[in-house]
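A short worksheet on the structure shown next.
The values are calculated or read from the model by the stated rules, or taken from the named source; none is laboratory data. Since this is a predicted model, take the numbers as computed values, not measurements. Cβ sites come from the backbone with ideal geometry, for glycine too, and all protein chains shown count toward neighbours. For accessibility, only protein heavy atoms count, side chains too; no ligands or nucleic acids. Shrake-Rupley method; radii C 1.70, N 1.55, O 1.52, S 1.80 Å.
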Amino acid sequence: MSPSLKYPIAAFIFFVLVGTALITAAPQGFLEGQLKIISHRPVALADENTAPMTARNYADYPLSILTRDETKQIARITADKDGNYRVALPPGDYILDVQRGESAQLRAKPQPFTVVANETVHVDMTIVTGSSAEADTPQE
């Protein structure tokens, strides 16, 4: 390599390393909560063709974290097998909502929240599914 290229390359590497050392990541905060699913399906009499009730599949109801003006999705989270979720986020104002499918009969009230650095905010989400999903959705 020619000497005329060594110095600019060395200077570039030096400034990249110094710049990287000076940039410190802003401390993040956390969102945690529990997803509750309420089913308003008609009651059917038990017979040999009725499937047994199983634990709810929370993966079928992913949650979206949106900017406060709802123009950008920041993250998509899925609750664990017990319905709990936790995610690290930069400080700011957000909205927690359920990601709706095209044919999904569900109702959920978007939940606004604010994340503060090094703190945890608790926001629960309740989803009402089934034919009565047009009714008011309870939230805590």
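In the range 58-89, which residues are assigned to a loop (DSSP other than H, G, I, E, B) and open to solvent by 60 Å² or more (accessible area, probe 1.4 Å)? If the condition is that a residue be assigned to a loop (DSSP other than H, G, I, E, B) and open to solvent by 60 Å² or more (accessible area, probe 1.4 Å), then R68, D69, E70, T71, K72, T78, D80, K81, D82 are the ones that fit. Taken across the range 83-92, residues that are under 23 Å from G130 (Cα atoms) and modelled with pLDDT of 70 or more do occur, with at least one present. Number of residues in the range 93-106 that are modelled with pLDDT of 85 or more and over 11 Å from the mean Cα position of the chain (by Cα) equals 1.
Among residues of the range 36-82 being more than 30 Å from N118 (Cβ to Cβ) and among the polar types (S, T, N, Q), the one that is modelled with the highest pLDDT is N57.
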